[in-house]
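Working notes for the structure below.
Derivation of every value follows stated rules applied to the coordinates shown; laboratory data play no part. Since we're looking at a predicted model, the values are computed, not measured. Here the Cβ is made from the backbone with ideal geometry for all residues, glycine too, and neighbour counts use every protein chain on show.
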Amino acid sequence: MLKAFWQVVGLPPKSAQFSAAHRWRFALPPDPLAESCLFESEMKVGACGDWCAGPRVEGAFLSGMSAASRVLGLLKPSELPKVVKGKFGTPFDPEQPE
Ligand SMILES: Cc1cc2nc3c(=O)[nH]c(=O)nc-3n(C[C@H](O)[C@H](O)[C@H](O)COP(=O)(O)OP(=O)(O)OC[C@H]3O[C@@H](n4cnc5c(N)ncnc54)[C@H](O)[C@@H]3O)c2cc1C
């Protein structure tokens, strides 16, 4: 991993003076929901996080994308922010492959 780090930062490699691995026992939600996010369309309220889609950063990201997609799905095309219209064209659904 250190070798990859020096390659990414583009600096000459140096050896570490100290390193340790620590396994965080309580860092992950134990039993995430099967839903990728919670969303109530009438009230326009949603919730997302690693406790939905999966107990890690990737799950949190996918859950956030899912909630964003639900929000965008409520907007009319004329209400979509320019960056969303330009990048995705239509509201992005992370559960559907592009
Ligand atoms: C020590 C540790 C190590 C980890 N290591 C890894 C790892 O190596 N790889 C990996 O994939 N995952 C790891 N994880 C898990 C990863 O950090 C989480 O899955 C991810 O951060 C969850 O993202 P999230 O957005 O769901 O929640 P969070 O990142 O917890 O974000 C929630 C945010 O909401 C804010 N908030 C809370 N209450 C309120 C409120 N009332 N009002 C306003 N804001 C509020 C908090 O301040 C926080 O910023 C680790 C977690 C921990 C604790």
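Please give the number of the condition Glu42 fails out of (1) surrounded by 18 or more Cβ atoms within 10 Å (Cβ to Cβ); (2) assigned to a loop (DSSP other than H, G, I, E, B).
For Glu42, the failing item is (1).
Among the residues of region 45-59, count how many are near the ligand (Cβ under 10 Å from one of its atoms) and surrounded by 15 or more Cβ atoms within 10 Å (Cβ to Cβ).
Adding up the residues that qualify gives 9.
Can you pull out the residues in region 45-63 that are touching a residue at least 24 places away in the same chain (Cβ under 8 Å) and part of a helix (DSSP H, G or I)? Give the derivation first.
Filtering region 45-63 down to residues touching a residue at least 24 places away in the same chain (Cβ under 8 Å) leaves 46, 55-56, 59, 62-63.
Passing the criteria: Gly59, Leu62, Ser63.
Could you count how many residues in region 28-39 are among the small types (Gly, Ala, Ser) and exposed (fewer than 13 other Cβ atoms within 10 Å of the Cβ)? Before you say what the answer is, go through the steps one by one.
Narrowing region 28-39 to residues among the small types (Gly, Ala, Ser): 34, 36.
Adding the requirement that they be exposed (fewer than 13 other Cβ atoms within 10 Å of the Cβ) leaves 34.
Counting residues in region 28-39 that are among the small types (Gly, Ala, Ser) and exposed (fewer than 13 other Cβ atoms within 10 Å of the Cβ) gives 1.
Are there any pairs, at least 6 apart or on different chains, whose C-beta atoms fall under 6 Å, with the first in region 8-33 and away from the ligand (no atom under 14 Å from the Cβ) and the second not in a loop (DSSP other than H, G, I, E, B), and if so, which?
Pro13/Trp6
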